[in-house]
Every structure is written in C-alpha cells, then in structure tokens.
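Coordinate-derived values only; no laboratory data. Computed from a predicted model, the values in this text were never measured in an experiment. Note: ideal-geometry Cβ built from the backbone for every residue, glycine included; neighbour counts use all protein chains shown.
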Amino acid sequence: MQRQTRNCFAAASLGGRLHKTVLAVKPRELVARRELRLQSKTRQASCGDIGLFVETHSLTKRYRRFTALDACSLGVEVGEVFGLLGPNGAGKTTLLRLLLGYLQPTSGRATIGGLDCQRQSVAARQLVSYLPGEARLYRGMRGRDVLRFLAEVRPGGDFRQALRFAERLDLELARRVAFMSTGMRQKLAFAATMSSDSPLVILDEPTANLDPSVRATVSEMIVEAKAAGRTVMFSSHVLSEVEEVCDRVAILRAGQCVHTQVIAELRRRHRLAASFVGEVPTVPDELADSLRISRGGHGELIIEADELSSSLRWLATLPVTEIRAEPIGLRSVYDKYHVNRDATA
Amino acid sequence: MIHVLIRRRIDEAKWLLAACSLAMVWFCWLRVWLVSRLDTGRFKEILDLLPSDWQRYTPVDFAWLITYEGRISLVYDELIVVGCVSVWAISRGSDCVSGELGRGTLEMLLAQPLSRRAVMLSQVGVTVTGAAILAFCAWFGTWCGIHTMSAKQVVTPSFQLPIPLPFVGSKIPIPFAEPETVYVPMIDLVDPSLYIPASVNLFAFGLMLAGFSTLMSSWDRYRWRTIGIVVGVYAIQIVVKLFGLSADELAWLRFLSAFTPYEPESVVQIAHQLPEFAWSFTMRQDDGTWIGYGPMCSHVIMASIGVFSYAVALRIFSRRDLPAPL
C-alpha cells in the first residue's frame, strides 16, 4: 500500500518534471533540437532503438493461437507526435490498450514515464489522457455533464479548458449523449481528452467519424499540444493527416512493428520521373548512395533521391526530354509494407 | 476523485432505488392493512382448509402463523418484497463489469487514473447501501402500517364490574348479546421491532445475490448473459430448496440451496417467542440443551456468501483483460 502511494507520488512528480522541462524550452528550439537528434538516429532506425517517455520491449499479446501483437519494441520521445499506422487488425489498438493496462501482456513490458504499465498502471495513467477509437460515454448525461465529470474524476482536469475546446469543436453541450451522433460523441470525448494537463495524449483513430473541417481542427489541436510540450501518440488510417502532424510513425503489420519512419526525413526525399533520349546513363559514384533508380512505365526512369539539388544538377547534364519531381510521401512507404506485400502474396 | 465516481454511481442507480424503495414501503404498509382487515378467526379458517402437508413448506407452525405477528411476518416472503431486492441486486451486480464493458463506459472510466479496485468498490458500495435501504424500507413500511392501522376484531360484549372478582376478572361476557366489531390499534397488538431481524435477513439475502451477480459480471462481457446465468442459478436454487422441503428423504437438498437461510418468518417467530435469541448464533436452553441455530447464523451465512463473491469478483476483475467494446 505504502509502496503504491510512493509510486503515485513518484509518477506525479515525474510527470510534472517532464512537463516543466519541456515547457522551459521554446517550442521552436525544442523541435529543432529534436530534429537534429532524430536525424542522427534515423540512420540506425529500427523499431525500438529510441526510448524516453513511452517504451515497449518485446511486447507481445496472444489470444490462444492468434497473435495480436508480436514482440513489439518501440520508443516515443518527450514532446514527440508519434503515429501508428497499419491496416485493421495490425495491432495498433492492442498496443495502445496494453499501454493503458486494459490488457495483460503475454510477454514483454511497457513503460510510460518509467512506470510499468501493468504493475503501476494507475500511476502511469496519471500521465496519460486517452481517447478510445469509438468513444462511448454515459448516454443519460448531457454533454456539459460529461465534460464536468471527466474533468472532476481526473486530477488536473480542467473543466473550463474542456468547455473552450468544446466550443472550438462546435459542440452542443446541452444535448444528452444518447441523442448525439457518433461524430459528436467523438468530438465530445476528444475535447475532454485534450483538456487535461497530462504530459502524454494517446488518441486511437481520433478523426474517424469526423467531417473534413473538424479533422483539420483536430490536427490543429494536436499540433498545439505538441507545441505545449505534450507527447502525442495516435493511430490513424488517414495517411495525409499522419504525415501532416507526426514527427515519426511506426508501421505495424500482423502485430509486428515493421518500420519506423521519421517524417522530416521523408519530406526531404523526392521521386523524379525522367525520360531520356538514348542510352540509360550511369550514376556518378558520388550520387550512388543517395539515388535509387528503377524503370517505370512508358520507358521512364524513376529516381528516388534523398538530396534533390545534387540529383537535379546531374540530370541537367543528361539528354532529358521530360522530368517530373514529387515528394515521396508516406503512401509509398506504407505501400512498401502493405500493398506490395499483399500483391506478392 | 472516488467521491465523484460514487456520485456518478448514485446518479445511475437513483431511479431504480427510488422506485424499489417506494414499492417496498407502499407494499409493506398495504400488507399490514390487509392483515388488519382480516380477522384472526377467518385467517385460521383459511389455513385449516390447506392440506396438512403444506406445513412442511413453512419454517414456522401454522398456529403461530395465524397470529398478527405471524401474518405480518409473511410480508418478507411476498413476491414484491423479494422481487424488489432481487431486481436491485441483480441489476446493479450485473452492471458492475459486464454492463459497463458492454456499454463501453468502462474504457473511458479506466482511461482515468482510477484503479480497478476503486471502480468496482464504488459500485459495490452503492449496491450494498441500496440493499440496506431497501431492507430498511421493508421495515419502515411495516412500522408505518402498524402505527396507522387498527385491527378489526369481533368480540362478545362484556359487562364491566366495579370490583374484579377472583378467577373471572372485572369483565363478564354477556352470552346472549350480539357479537360486536371493534377496532384495536395495531400498535397495541404487534411490536414493530420484531421485524428488524427479518429486515436484516432480507438485507443479507440482497447482499448474497448482489455479490453473486457481481461475481458473474466480473468475468463476462455481455450483461444479458450475466443476468441469464444469475436468474438461472436463482431458479435452480429455489427448486432445490423446494425439493428439500417437500420430502424428508430429500431434506439434505436444503443444504445445497443458498436460499435456505432466508427464513424471515422463522426469524420473527424467534424474536417474538424467544426474544433473548433474536440476535444469537445458537440457541440453547438454560440447562444447555440444544434448540437450534440462531437467526444470526442465517444472516451471516448469506452475508458471507455475498462478501466472498465480492472478493473473488474483485480478484478476477483486477487481473482480466478488458476487451474493446463491440
């Protein structure tokens, strides 16, 4: 009992320390520093090499013969927006539910702020605000009462802030939950989740069931949370919004974390489609490491370039008849692990 | 934090509790009114019509059952009284885990820094308090009835002597006069405190049923299935008890029914005829001769089953996986 109490205090103070540390640094500075750190780490990027605020070590969840999550190891840094991508059944929600202590892992462990998600679940949840994939609220309560209840039940809950978020999301708070649409319920739960001052926000498909304009507001609010120094973890099927707000994403497939991608790195990479007159040129040695060349349809060459300027300089020396440049985007990374594999299968 | 949760639980349960409490008070009051309307002699005539075998189905003698105390004690075996407590216990108990899981609200609740123990104990606290309130309402309704009703009695007119005579007293019945109907305040005939042990018995019954419902709910994810299992076990236990009462050869079956200790009439009879044993575990005569188990045994057996069920339910709930709502 005493130990548990000590742990609670430890968690609260740890959460507070993390928060203060992050808030003491200006958001821009913080982002720049993190970019640098992440760039250096990208070279050795594999799932499980980075870990500060949220860490999982060989986390596995099996239901008899079905493996929902298979030895997943990953880490989320303080102040980072971390995305989880994968098709239905890839293990995103299982991972989040293991972090919240809803599920007991078959093996492995997970920590939030250094606190074990199973043995110190309450203390760990003190550091987390969680929005479930399909938020179910007390149907008999009015929207305002839901916000008040969730603000009161959590230490550090802020009812006024929840009201402000609700107003921003254009919510009708006098209506009972039972008479709200799925999207409205989702917005209500989102407002409640974002209003607390917890250092970590976990959002399970927050924009599912929302219209495009509200999706934009939700993305804005996630970016604001990040600017305030909060760490955000969220799963989604919408690649564009993940690309827009995330610093890093993990791609899950059949319960395994198959790839982590730093979005800043992805933004630097481009795909060039070029048509030549004559023979296919030989790539200069100095560009060999940063270019990947393949043959596309209509006799084009598809060049994936890490560094656009040097590639364009080289292309300018060649007899190119047509050239198109476009950012690589998360889609191509995602497809590499899902669509292409499915096609092969 | 926990007080917010308890307030929420009260909010969820208030209408059911209010309806059950109202039904309980009103019905118990009405039942005393019915007893007051029916003359003891008439009730005896009704009982005389019943086959003698029926005696085995009641834990008390018919001779005591025709008294006002005995007839009022039957209120605790009435369908409405047992039904209200059962509805409360099963509905609240089944809601505890599988109900909340099914609705999906448990997920949102456990996203907050609340332990599973706190979530369950807040439910348990409200359910047990509700069962206690219902048991009190049964007694309160009876108390109101006894204080507000007058029993109709047919008496032979008598002549009051100025000085009492030996062996006869001061009242001499007038044999040729027409019998007359008089109304005697019920409070002069029955002591309402006799029914406190019966209310405690009812509370223990509610605790047992709520504990068992919570136990079933703690491992399940569908509330309808939890209710189905509890009602099924309830029916089986009643049938087992009835079989146990129906024949001497099957008397051992009574020990297999958790409902056997629920005997409010017997508890009231002991409080009425052997008041010194109203709150005892065992009953012995002055010379140490064994009479039987006391009413406290019945209360404690049922309460223990309830508390044990709650303890197991808490253990299961604390360790189980919580699936995503469907």
Considering amide H positions built from the backbone, and no H for Pro or chain starts, which residues 5 or more places from A:I328, or on another chain, come under 5 Å of its amide H?
A:R269, A:H270, A:R271
How high is the FRET efficiency between A:R331 and B:A19 when r is their beta carbon distance and R₀ equals 51 Å, given to the nearest 0.05?
0.30
Averaged over its residues, how many other protein chain Cβ atoms are within 10 Å of peptide B:94-105's Cβ atoms?
2
Which whole-angstrom value gives the distance between the alpha carbon centres of the range A:178-251 and the range B:279-320?
53
Overall dimensions of the range A:169-272 as given by Cα atoms, namely Rg and Dmax in Å
15.5, 54
Report, as an integer, the average count of C-beta atoms from other chains found within 10 Å of each Cβ along A:130-137.
5
Whole-Hz couplings from phi, Karplus 6.51/-1.76/1.60, listed for the range A:321-336; x for Gly and Pro
9, 8, 8, 10, 10, 8, x, 5, x, 5, 3, 5, 5, 4, 4, 4
Write out the GluC sites (Glu not before Pro) in the range A:188-289 meeting two conditions: DSSP loop, and at most 12 other Cβ atoms within 10 Å of their Cβ.
A:E279
Contact order relative to length of chain B, as percent, for alpha carbon pairs under 8 angstrom and 6 or more apart:
24
Near A:T94, within a Cβ-to-Cβ distance under 12 Å, what is the net charge of the other residues, with Lys and Arg +1 and Asp and Glu -1?
+1
Under 1.5 on a/c is rounded, so check that first for chain B, then, if it is not, pick prolate when a/b is larger than b/c and oblate when it is not; a ≥ b ≥ c are the square roots of the alpha carbon gyration tensor eigenvalues.
prolate
Nonlocal amide H pairs with A:R248, under 5 Å, H built at 1.01 Å
A:V81, A:G83, A:I263
Inter-part distance where the range B:152-168 and the range A:57-133 are each reduced to a Cα centre, Å
87
Taking chain B as a Gaussian network, where each spring joins two C-alpha atoms under 10 Å apart, which residue of B:V155, B:V32, B:V184 fluctuates the most?
B:V155
Which shape class, rounded, prolate or oblate, goes with the range B:223-284 when its Cα gyration tensor gives a ≥ b ≥ c as root eigenvalues, a/c under 1.5 marks rounded, and past that a/b bigger than b/c marks prolate?
oblate
Of all the C-alpha pairs in the protein assembly as shown, what % are more than 50 Å from each other?
37
What Cys residues in chain B have no fellow cysteine's beta-carbon under 4.7 angstrom?
B:C28, B:C96, B:C137, B:C144, B:C297
At R0 = 56 Å, how high is the FRET efficiency between A:D116 and B:E276 if r is their beta carbon distance? Nearest 0.05 is fine.
0.45
Between B:S158 and A:A216, the two model label points (7 Å from Cα along the beta-carbon direction) sit apart by a distance in nm of 9.7
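Within a Cβ distance under 12 Å of A:S219, other residues only, what is the Lys/Arg minus Asp/Glu net charge?
Here the count lands on -3.
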Chymotrypsin sites (Phe, Trp or Tyr not before Pro) in the range B:169-262 lying in a DSSP loop, each with at most 13 other Cβ atoms within 10 Å of its Cβ, come to B:F176
For the range A:183-194, in residue order, the Karplus 3J(HN,Hα) values (coefficients 6.51, -1.76, 1.60; θ = phi - 60°; whole Hz; Gly and Pro = x) are x, 5, 5, 5, 5, 4, 5, 5, 4, 5, 5, 6
Please go through the range B:263-326 and write out the chymotrypsin sites (Phe, Trp or Tyr not before Pro) that DSSP classes as loop and that have at most 13 other C-beta atoms within 10 Å.
B:F281
Just tell me, in residue order, which DSSP H segments of chain B are both 15 angstrom or longer along the helix axis (alpha-carbon based) and at least 0.5 in mean Kyte-Doolittle hydropathy.
B:2-37, B:79-94, B:116-148, B:196-219, B:223-246, B:295-319
Relative contact order as a percentage, the range B:1-158, C-alpha pairs under 8 Å and 6+ apart, gives 50
Note down the net charge around B:T127, summing +1 for each Lys or Arg and -1 for each Asp or Glu among other residues with Cβ under 12 Å from its Cβ.
0
For A:L308 paired with A:S275, estimate the spin-label separation in nm (one decimal), with each label point 7 Å from Cα along the Cα-to-Cβ line.
2.3
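Note the per residue figure in Å³ for the convex hull of the C-alpha positions in the range B:217-326.
137
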Could you list which residues have their amide H under 5 Å from that of A:S129, counting only those 5 or more apart in sequence or on another chain, with H placed in the peptide plane?
A:L200, A:V201, A:I202
Project the alpha carbons of the range B:199-248 onto their principal axes and report the range along each, largest first, in whole Å.
42, 24, 13
Karplus-derived HN-Hα couplings along the range A:300-305 (A = 6.51, B = -1.76, C = 1.60, θ = phi - 60°), whole Hz, x at Gly and Pro
7, 9, 9, 10, 9, 10
Quick check: from the Cα gyration tensor, does the range B:21-93 come out rounded (a/c under 1.5), prolate or oblate?
oblate
Within the P(r) computed for the range B:57-103, what percentage of the Cα pairs occupies the region above 12 Å?
69
